[in-house]
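Read through the structure below, which is laid out as structure tokens, and then see the notes.
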């Protein structure tokens, strides 16, 4: 007769902020059998009804009841809440960006290291299968030495008004383009210099496009383009990676991964265009949460770590400094 270990207790997850991104994270936590708790200034009741979460009336009450904190608040308070969670001895998932400034991002990373806790910056694009496959191909040398990388990301302007205030959100660079800045770093390595430009529509400040050119220390050049469009803009993302032995390209508009009939296509078009439509596909948001939960259980690795999140903030801030000054910024 053999003995078996008792089943592990379910992780108790405290979701802070119950807006749109929390609803992308929650299915992953449910998939690993977690017990959900939430605290939010608004929307907690609807979130709890949808996902079976326990509502707490204060941040202190939530921190006392959970093992892990998932920060899904507006960007401006990310760092403050991460510090409070770490002070309470919790491991933390924090929606990107980790913070609005390089100093605050580095501070939360250093705090996590001192506290001996795990801090995961939720750079979900690393979990999209197309980008993960591209990273594996680059690592295997399939396209040779990278020379030029191009990334584009297009979507509707976010519906929450705080995104329009760059002091609160960091604007299109810190909120949207940071995904592709992180991809450029993941694929081509550290950045030596950044130059950026931005244009805002004369008709509406919610229509914006930004461009950033990253010169990597290894010699490659990355061009990132982001667009926040008017309501109804279809979400689209592309990359084009050219090396000295080949080229790797992807366009979500040309290869959606599934073929939709007229009814399904109409349903897809009714979305807000801010987050990608993932119907019929394995959710990258669930994938990152499942990987993080496994890492907490086993001590294993995750494909993104706290320092990656801080570095993405640093390069994004360099892009914002370039926008402000019109100069190329040395990193």
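The values are calculated or read from the model by the stated rules, or taken from the named source; none is laboratory data. Everything quoted here is computed from the prediction, not taken from an experiment. Here the Cβ is made from the backbone with ideal geometry for all residues, glycine too, and neighbour counts use every protein chain on show.
List of remarks:
- Qualifying residue in region 25-40 (condition: surrounded by 22 or more Cβ atoms within 10 Å (Cβ to Cβ) and closer than 23 Å to residue 172 by Cα): yes
- Residues considered: 185, 181. Of these, the only one that is closer than 25 Å to residue 306 by Cβ, surrounded by fewer than 22 Cβ atoms within 10 Å (Cβ to Cβ) and at pLDDT 95 or above is 185.
- Among the residues listed as 147, 112, 132, the single one being at pLDDT 95 or above, touching a strand residue (DSSP E or B) at 6+ places or on another chain (Cβ under 9 Å) and not assigned by TED's automatic domain parsing to the domain that holds residue 77: 147
- Top-ranked residue in region 157-169 [being under 19 Å from residue 211 (Cβ atoms) and out of contact with any helix residue (DSSP H, G or I) (no Cβ under 6 Å at 6 or more places or on another chain); ranked as surrounded by the most Cβ atoms within 10 Å (Cβ to Cβ)]: 157
- Counting only helices (runs of 4 or more DSSP H) that sit completely within region 7-70, those holding 1 or more residues that are over 22 Å from residue 121 (Cα atoms) and under 23 Å from the mean Cα position of the chain (by Cα) correspond to 44-51.
- Test: residue in region 40-47 that is touching a helix residue (DSSP H, G or I) at 6+ places or on another chain (Cβ under 6 Å) and on the phi < 0 side of the Ramachandran plot: no
- Of residues in region 212-251 being under 21 Å from the mean Cα position of the chain (by Cα) and free of Cβ contacts under 8 Å to residues at least 60 places away in the same chain, the one nearest to residue 325 (Cα to Cα): 213
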